1. Using Cα centres only, tell me the gap between the stretch 191-248 and the stretch 13-33 in whole Å.
2. In Å and whole numbers, how far do the C-alpha atoms of the stretch 178-219 stretch along each principal axis, longest first?
3. Can you check how the C-alpha radius of gyration of the stretch 42-87 compares to 2.2 N^0.38 Å, as a plain ratio?
4. Rounded to the nearest 5, what % of DSSP beta bridges with both residues in the chain are antiparallel?
5. How high is the relative contact order of the chain? Use alpha-carbon pairs under 8 Å, at least six apart in sequence, and give a whole percent.
6. For the stretch 8-271, what are the per-bin percents of Cα-Cα distances with bins 5 Å wide, up to the bin holding the maximum?
7. Among 161-170, 207-216, what's the highest-first ranking by average C-beta atoms within 10 angstrom per residue?
8. If you split all Cα-Cα distances of the stretch 145-231 into 5 Å bins from zero, what percentages do you get per bin, shortest first?
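Since every read-out is calculated from the coordinates, none of them should be taken as a lab result. In this text, all values refer to a predicted model and were calculated from it rather than measured experimentally. Counting neighbours? That spans all protein chains shown, and the Cβs are built from the backbone with ideal geometry, glycine included.
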């Protein structure tokens with residue numbers, strides 16, 4: 001029986017691209033590290049990895065090397081701002097379902113070895129609702145859906161929630177509004193998504209706040225620096241820290257299903273169906 005404390009696995013998703021999902025994943029990870037959480041950020045965009053680019057990090061090896069058995073998970077981890085550790089994505093690698101039993105076992109073993117060194121695993125998923133995205137989101141303990149003020153953002157977020165609910169029996173989602181012009185606009189975005197979900201789905205959405213539009217975000221991306229490092233006191237950075245404080249209060253999963261290897265097992269089961 002493992003005595004390891006449960007690991008909180010949070011999938012950050014949004015249905016569509018351009019909503020700022022990766023920026024939130026990166027900076028939320030750093031903000032949680034400031035709260036003394038041991039954070040690992042998994043870049044789960046297997047087609048277009050960008051976390052290392054956002055942070056100006058050089059990834060010599062990726063998850064593909066772990067799956068190939070040439071490197072351990074510890075070998076490929078990159079240390080980022082605030083002491084967070086990043087698992088670089090295996091860009092261009094076929095989806096998880098293509099892996100055989102040997103690779104499955106290797107991945108579970110790799111993450112199990114890391115379990116005593118991490119409190120929170122943030123999973124930055126790809127855009128869309130592909131099988132791979134759904135697999136990562138299903139395997140997580142918490143789902144943070146990012147929306148912005150575009151009709152397609154609400155539509156695509158609803159599509160993601162619908163697939164997870166109808167096909168995989170997911171019932172609870174947390175929502176953050178990004179790039180808002182006011183707190184009221186954020187509430188309005190959530191209201192639109194919540195009303196359509198209440199009408200057609202049996203799910204519970206929880207609004208966890210808004211991240212205001214801030215020019216510093218674009219400038220930080222151009223500098224390949226995390227926002228919390230580039231402009232630590234700007235409005236968006238302050239809002240992300242408030243979000244981190246809320247996340248820090250979310251209940252931990254109950255063991256043993258909260259152990260990190262169980263996340264990988266759920267992920268592999270989901271991707272093979």
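1. Each part reduced to its Cα centre gives a spacing of 8 Å.
2. Rounded to whole Å, the extents work out to 40, 16, 13 Å.
3. Values: Rg = 10.3 Å, N = 46, 2.2 N^0.38 = 9.4 Å.
Rounded to two decimals, the normalised Rg is 1.09.
4. Values: 2 of 31 bridges.
DSSP beta bridges in the chain are roughly 5 percent antiparallel.
5. Working: 529 pairs, mean separation 78.4, N = 273.
This gives 29 percent for the chain.
6. 1, 6, 14, 19, 21, 18, 12, 7, 2, 0, 0
7. On the way: 161-170: 16.8, 207-216: 18.6.
In descending order of packing, they fall as 207-216, 161-170.
8. 3, 14, 23, 20, 15, 12, 8, 5, 1
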